[in-house]
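No value in this document is a laboratory result; all are computed from the given coordinates. This one's a predicted model, so the numbers in the text were calculated from it and none came from an experiment. Cβ placement follows ideal geometry from the backbone for every residue including glycine, while neighbour counts extend to all protein chains displayed.
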Amino acid sequence: MKDRAKWILMALFVAGEEGLSPAQLQKAIFLLQKAFPNLETLSYNFQPYNYGPFDVGVYHDVEMLADNALVELRQRGGHNWSSYHISETGKKTSELLKNSLDSDAVLHLTKLVKLIQSVSFQTLIGSIYKKYPEYKKNSIFKDR
């Protein structure tokens, strides 16, 4: 497993049964990377995209985790995308992995994921644009 994929697994572990949407996962990893810029194991290259910071590598890493039965992709009714959830194997792996990762970053990620799960998509994107306006450049999202 790539070092950076460990952070995706940890994000889905702390997300619990609710899991994360693709946008929620992208933004959680982006915000973690911004908060811990010197974390060598976190190496995504986020670029301004339709809904703010985006790196296709996040999706590639999720697919790799799913291929290894650590993550489950579940179709959400009425949506054309799947949500991401930790599998039973992923939970066991995460428990072991947690102690090898930066504890401050794990705690911060836990808080980030819970916050992201508690706000609307509009609030999430709007707050990122407010703090990081350079990621609004290619946006199709309209502030309300």
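Worth pointing out:
- Calculated Rg and Dmax of the chain using C-alpha coordinates, Å: 14.4, 43
- DSSP-loop chymotrypsin sites (Phe, Trp or Tyr not before Pro) across region 67-141, with at most 12 other Cβ within 10 angstrom: 81
- Tilt relative to the chain, helix 88-98 - C-alpha long axis, 0 to 90 degrees, to 10: 90
- Cα long-axis angle, helix 3-15 against the chain (0 to 90 degrees, to the nearest 10): 80
- Cβ-defined net charge surrounding residue 85, 12 Å radius [Lys, Arg +1; Asp, Glu -1]: -1
- Helix 56-67 and the long axis of the chain differ in direction by around 30°, with both axes built from C-alpha atoms.
- Annotated for region 54-144: lysine pairs at least 8 residues apart or interchain, Cα distance under 29 Å, count 19.
- Globularity ratio of region 95-136, using Cα Rg and 2.2 N^0.38 Å: 1.48
- Highest-fluctuation residue, 120, 43, 94 considered, GNM on the chain with Cα pairs under 10 Å: 120
- With each label modelled as a point 7 angstrom along the Cα→C-beta vector, the residue 99-residue 40 pair spans 2.2 nm.
- Under 5 Å, built H, 5+ apart or other chain: amide partners of residue 86: 72
- Expressed as a fraction of 2.2 N^0.38 Å, the C-alpha radius of gyration for region 39-106 is 1.29.
- Taking a point 7 Å out from the Cα of residue 47 in the direction of its Cβ, the residues of region 113-142 whose backbone N falls within less than 20 Å of it are 129, 132-141.
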